[in-house]
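One structure is given here, and the rest of the page talks about it.
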Amino acid sequence: MNLTNPTNLIEKIEHQLRDLDERSLTRRRRVLDTPCAPRLIVEGRPLLAFCSNDYLGLAAHPALVAALREGARLYGAGSGGSHLISGHSRAHDLLEERLADFESAHLDNARALTFSTGYMANLAMLTALGADAGVDPKTDGGAEIFSEQLNHASLIDAARLSRARVRLYPHADLGALDALLVASTATTKLVVTDSVFSMDGDIAPLPQLLALCERHGAWLVVDDAHGFGTLGAHGRGALEHFALRSPNLVYMGTLGKAAGVAGAFIAAHASVIELIIQRARPYIYTTAAPPALAHALLASLDIIGGAEGAARRAHLNALIEQFRCGLRLERWQHLASSTAIQPIVIGANDEALRVGAGLYGQGLWVPAIRPPTVAAGTARLRVTLSAAHTHEDVAQLIAALNLLERR
């Protein structure tokens, strides 16, 4: 085949697309006609959705909508520049101060830094901390990253881009991690983990991980994308959930899931944040997010940390318990999870798609998750619950799943 021929180049791409389709790995987008909520209009059809990460049901909250409108009036539609040129507005600054205060019980001399997405925050965090200036990472010394086997793709990509040595440790295997840390000659060690694992729903053993990091002089980098807002008495996330405090902690939380808006932040000791500002290309070389979003997030933090946030978390936890107790599965595996992520492992890609389609036919939207997001042979339904769901919504889903599994 002559690959300089544009037609043949397109044929090669089309062959790859056919291969994905034959292996039941094709993904598709659906178009929503309504705001994010459990009850949606999707491509003209009403659906009850169990697939968003809007865990507290804040994405369409009237107070956040009003704050976003007010933010646009105060600051306009866009930031116009990077944070280090002209794009850092008063709204960004106030949000970072609030986030630092939000996490100050868990971090020494806490400071926070905001980003447009969690993916960018993770790239910035690991490429800055994983690059030992003036040290050859291919020789003894340098930086070494110890990455959890089930980490999110953004952490995996960030570790690769950092140019540090990367060591994987098996899921939640403290003994294996301890052995790797003992053997390491790196001058900078970073243990990197999700808090709540996005496809399994379980929570990393953070207290034990932190103890290992303190013993070996390592950073513990925690991606709390699915814990911020939902875990802890005040919604401050996994660190509050486990009552952790240490100078060895570097924390990332997202603001487009439980917080209901968009973006992410890193919180750590002020010196760590300053290093990220000075070193991290994803921070230095990107336009700041619209300040109106930061203004709306101030309203979100008021809700998360207040009485309404506590009530929403209590309702969400009741729905989680209802779902866990109501399933009566025999062939499929409901993974043990105490979080809003409730996975049901089906196995084969095509069967997972068939089950998802069966639910869709009943007006229930639950995504089928397939490789490479999860390991081959573990395709699953990823049920996500929200404080905006009702007990009746969850009962409807339970009944549909129990019936489908027996067909």
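None of the figures in this text is laboratory data; all of them are computed from the coordinates on show. For clarity, every value in this text was computed on a predicted model and none was experimentally measured. Here the Cβ positions follow ideal geometry from the backbone for every residue, glycine too, while neighbour counts run over all protein chains shown.
Assigning unit charges at the beta carbon (Lys, Arg +1; Asp, Glu -1) and nothing else, what dipole magnitude in debye, to the nearest 20, does the chain show about its Cα centre? Show your work: numbers first, answer last.
Details: 37 positive and 40 negative charges, 151 e Å.
Dipole about the Cα centre, nearest 20: 720 debye.
Using alpha carbons only, what's the Rg to Rh ratio of region 360-407 with Rh from Kirkwood? Taking Rh as the inverse mean 1/r over Cα pairs, Rg/Rh reads 1.02.
Remark: K189, K257 ranked as K189, K257, counting other beta-carbon atoms within 10 Å and listing the fewest first. Secondary structure note: in the chain, about 55% of the DSSP beta bridges are antiparallel. Computed across region 62-305, the Kirkwood hydrodynamic radius from all distinct Cα-Cα pairs reaches 18.0 Å.
Taking the number of Cβ atoms within 10 Å of each Cβ as an exposure proxy, the fewest-first ranking of M120, M125 is M120, M125. By the count of other C-beta atoms within 10 Å, a proxy for reagent exposure, T390, T286, T254, T188 are ordered fewest to most as T390, T286, T188, T254.
Of all DSSP beta bridges confined to region 62-305, the antiparallel ones make up roughly 40%.
Calculated from the structure at hand, volume of the Cα convex hull per residue in Å³ is found among [x] 115; [y] 176; [z] 130 as [y]. The 3J(HN,Hα) values that the Karplus relation (6.51, -1.76, 1.60; θ = phi - 60°) gives for region 249-261 are, in residue order, 8, 10, 10, 10, x, 9, 10, x, 10, 4, 6, x, 10 Hz. Gly and Pro appear as x. Note on the chain: dipole from Cβ charges, positive end direction compared against W332, A128, G229; the farthest Cα belongs to W332.
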